[in-house]
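S.K.: Please see the structure below; I have some questions.
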Amino acid sequence: MKRIFLILSCLFSAAACAAGTPSAETHAMTNRPLLIAHRGLSGEWPEHTLAGYQAAIDAGADFIEPDLVLTKDGILVARHENDITATTDVAERAEFAARRAEKTIDGQKHVGWFTEDFTLAELKTLRAKERLPQLRGTKRDGQFAVPSFEEILQLLAAVNKDRKRPVGVYPETKHPSYFASIGLPHEAALLKLLAQYGYKGKRAPVFIQSFEVGNLIALHAKSDLPLVQLMASEGGPPDRPSVLYADMASAAGLQAIAAYASGVGPEKIMVIPRDAAGRLTAPTSLVADAHAAGLKVHPWTFRRENFFLPAEHKTGGDPAGKGDLAGEIKAYLASGIDGIFTDNTPEAAAAIREIPAGVK
């Protein structure tokens, strides 16, 4: 434990000394846990499309979540990755065949087509595809364009015009160190657009999230918008090779994160692990430790397909079959979490509505 504390203290002390400890106060959209529409209503629509975001909003989302990458001309667009091979029809477009490339991103080799090799105008000629066709089919493939982040903010501006409780935005900076290394940093473009559309101050209906650390520390130095440190059950931040997410999820690690962030977004099995049979076990101390550090906890990702569910909430043997998502969500809500990322807003909204107002 002493070693973990020393590593994390060295890692984050510069941010804490330079910027001070921010308030953990965040924009409370509701007295219940937040429902964050993961890439839109991505259980039913191709992810990261304006239609999918609108469908999630209509189904009761508190926030919509766009993953942000950059184009050749420096425009933020919403894609799960900068590799757009699996999420657009680019591989079928003969005019872009020569753009296929091999790149190393966060230490991993990728072969395909990448947003940074296309202008926004060129990306707009492509059409979105379902990323998980084996589980969700392809019935809406080819119908929707790749949205820019500004178009998403324009959608929210229209949606929120007459709302007393606005729908928020929860952008993720994808591969920020990589993009900075090729001269396309996220920070300035992201903060400029958020300010332009009225997202200012620590109570704005926005969270900015990243799996990296340096990107969040840089944003914290430039803005008081709420930030969320994402964590996976394995590995560590791509920009901090000597640090593991497991160490960051310790009590000492969470106290260090609180120097620059308002919350954490852990992979859900870090909150409630599964046993060898795939069943949920007892919750870890992560939620209590995060709350003690003043951090909100928004685990990811809740999906209704049997393939993703714990054993006791599966229904039948078909991986694509719809299981008891509500049952899984209720188990996590009982652990005291402050919100969830989900691909299935309607089911998640129904489960969350069963919690009495003001109770978490």
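S.K.: Grab the Cα-Cα distance for residue 124 and residue 150, subtract it from 0.36 nm times how many residues apart they are, and report the gain in nm with one decimal.
M.R.: Going from the current span to full extension adds 8.0 nm.
S.K.: Along the Cα→Cβ direction, 7 angstrom out, place labels at residue 221 and residue 31. What is the inter-label distance in nm?
M.R.: 4.2 nm
S.K.: Now for a different question. Pairs of alpha-carbon atoms within less than 8 angstrom and 6+ residues apart define the contacts here; what relative contact order does segment 155-225 have, in percent?
M.R.: Once divided by the residue count of segment 155-225, the mean separation gives 36 percent.
S.K.: Comparing 108, 143, 134, which has the greatest mean-square fluctuation in the GNM of the chain with Cα pairs linked when under 10 Å apart?
M.R.: With Cα springs under 10 Å in the chain, the top fluctuation among 108, 143, 134 is at 108.
S.K.: Which residue, 317, 52, 336, has the most motion in a Gaussian network model of the chain that connects Cα atoms within less than 10 Å?
M.R.: It is 317.
S.K.: Separate question: How far is the Cα center of segment 182-202 from the Cα center of segment 256-289, in Å?
M.R.: So the separation of the two Cα centres works out to 29 Å.
S.K.: For semi-axes √(5λ) of the Cα gyration tensor in Å, several values are listed as (1) 36, 22, 19; (2) 29, 26, 21; (3) 47, 25, 15; flag the one computed from this structure.
M.R.: (2)
S.K.: I would also like to ask the following. Report, in order of residue number, the helices in the chain meeting two criteria: a C-alpha extent of 15 Å or more along the helix axis, and a mean Kyte-Doolittle hydropathy of at least 1.6; treat each whole DSSP H run as one helix.
M.R.: 2-19
S.K.: Please state the charge dipole magnitude for the chain, taken about the Cα centre, from unit charges on C-beta atoms (+1 on K and R, -1 on D and E), reported in debye and rounded to the nearest 20.
M.R.: In total the dipole reaches around 560 debye.
S.K.: Hey, what number do you get for the chain at 222 nm if only DSSP H runs of n ≥ 4 count, each worth -39500 (n - 2.57), divided across all residues, to the nearest 500?
M.R.: -8000 deg cm²/dmol, from helical runs alone.
S.K.: Could you sort the peptides 219-230, 32-43 by per-residue average Cβ neighbour count (10 Å cutoff), highest mean leading?
M.R.: Packing order, densest peptide first, comes out as 32-43, 219-230.
S.K.: May I ask you to derive the relative contact order of segment 124-189, considering only C-alpha pairs under 8 Å and at least 6 residues apart, and to give it as an integer percent?
M.R.: 20 percent
S.K.: Further question: Taking Cα pairs under 8 Å and at least six residues apart, what relative contact order does the chain come out at, in percent?
M.R.: 20 percent
S.K.: Still on this model: With springs only between Cα atoms under 10 Å, which of 186, 298, 313 fluctuates most in a Gaussian network model of the chain?
M.R.: 313
S.K.: Ok, one more. Please give the peptides 159-166, 189-196, 90-97 ranked by average Cβ packing (other Cβ atoms within 10 Å per residue), highest first, as a rough proxy for protection.
M.R.: Per-residue mean Cβ counts within 10 Å order the peptides as 189-196, 90-97, 159-166.
S.K.: What FRET efficiency do you get for residue 110 and residue 274 if R0 is 30 Å and r is their Cβ-Cβ distance, rounded to the nearest 0.05?
M.R.: 0.55
S.K.: Let me ask another. Given the alpha-carbon gyration tensor of segment 182-298, what are the semi-axes of its equivalent ellipsoid in whole angstrom, ordered largest first, with each equal to the square root of 5 times an eigenvalue?
M.R.: 28, 16, 13
S.K.: Past the 18 Å Cα-Cα mark, which pairs from 103/124; 174/330; 202/330; 192/222; 124/161; 202/222?
M.R.: Among 103/124; 174/330; 202/330; 192/222; 124/161; 202/222, the Cα-Cα distance tops 18 Å for 103/124; 174/330; 202/330; 124/161.
S.K.: Computed FRET efficiency, Cβ-Cβ of residue 234 and residue 162, R0 35 Å: what is it to the nearest 0.05?
M.R.: Rounded to the nearest 0.05, the efficiency is 0.20.
S.K.: Only sites in a loop by DSSP and with at most 12 other Cβ atoms within 10 Å count here; which GluC sites (Glu not before Pro) in segment 287-344 make the cut?
M.R.: none
S.K.: Also, quick follow-up: HN-Hα J couplings of segment 238-255 from phi, Karplus 6.51/-1.76/1.60, θ = phi - 60°, integer Hz, Gly and Pro as x?
M.R.: x, 9, 9, x, 8, 10, 9, 4, 4, 5, 5, 7, 6, 4, 5, x, 5, 4
S.K.: How do 113, 45 rank when sorted from fewest to most other Cβ atoms within 10 Å of their own Cβ?
M.R.: Going from sparsest to densest Cβ surroundings: 113, 45.
S.K.: State the extension gain, in nm to one decimal, for the chain segment bounded by residue 292 and residue 315, taking 0.36 nm per residue of separation less the distance between their alpha-carbons.
M.R.: Extra length from residue 292 to residue 315 when fully extended: 4.6 nm.
Here, each number is a calculation from the coordinates, and none is a lab measurement. Keep in mind it's a predicted model, so treat the numbers as computed, not measured. Note: ideal-geometry Cβ built from the backbone for every residue, glycine included; neighbour counts use all protein chains shown.
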